[in-house]
């Protein structure tokens, strides 16, 4: 099935304050970093060598933990904090990334298969280059693709590469041994296991499901 996970990186905040803002608590487990965002480790957090604090989750749970309430939990973060949020749903070929300053959306990028790419806000300098290269690769591949040959979704990487230029993290790339610090399993504060998005964004219907499973 591939990767179906989400994560958020936040700066200018300590680990405990981030978990408190997102209504999450450590459970005492120490997960394998290769299991982040899977059924084995559906929710985990860490402080990173770079200084960011992060939460990783199965499917789109991070989206719900940050924006699934009214007002969104992101309004609890310090106004000076930057938050990079990503969602990767390989089963639907959906990818998403966004940057927030406190609770204010700065930019967002979403891909939903094929050449589809929606981008808005004050986008970082690297975005245009990733977009142009992906589109060139896609069109070159389509020109030489033989009948019956499977397509390749080059545009899928654009939101993820753009976010990675800021955080240094991609879910499908290995990291140095000391990249993660204090990696630990998490759970919602109330003990309930979230199973679906509370307030899915309008574009979420393209995924075909609001559930995490």
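Computed values, structure above
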read-out	value
Meets criteria (assigned to a strand (DSSP E or B), touching a helix residue (DSSP H, G or I) at 6+ places or on another chain (Cβ under 8 Å) and farther than 24 Å from residue 51 by Cβ) for residue 120	no
Residue check for residue 198: part of a loop (DSSP other than H, G, I, E, B), modelled with pLDDT under 95 and surrounded by 11 or more Cβ atoms within 10 Å (Cβ to Cβ)	yes
Candidate set from the range 122-157 (those that are surrounded by 16 or more Cβ atoms within 10 Å (Cβ to Cβ) and touching a strand residue (DSSP E or B) at 6+ places or on another chain (Cβ under 6 Å)); member that is farthest from residue 36 (Cα to Cα)	123
Residue in the range 68-81 that is closer than 15 Å to residue 10 by Cα, within 11 Å of the chain's Cα centre (by Cα), surrounded by 15 or more Cβ atoms within 10 Å (Cβ to Cβ) and touching a residue at least 24 places away in the same chain (Cβ under 8 Å) present	no
Total residues in the range 3-49, condition over 17 Å from the mean Cα position of the chain (by Cα), free of Cβ contacts under 8 Å to residues at least 40 places away in the same chain and in a loop (DSSP other than H, G, I, E, B)	3
Checking residue 132 against (1) closer than 25 Å to residue 9 by Cβ; (2) part of a helix (DSSP H, G or I), the condition it does not meet	(1)
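The values are calculated or read from the model by the stated rules, or taken from the named source; none is laboratory data. What you see is a predicted model; the values in this text were computed from it and never measured. We place every Cβ from the backbone using ideal geometry, glycine too, and count neighbours over all the protein chains shown.
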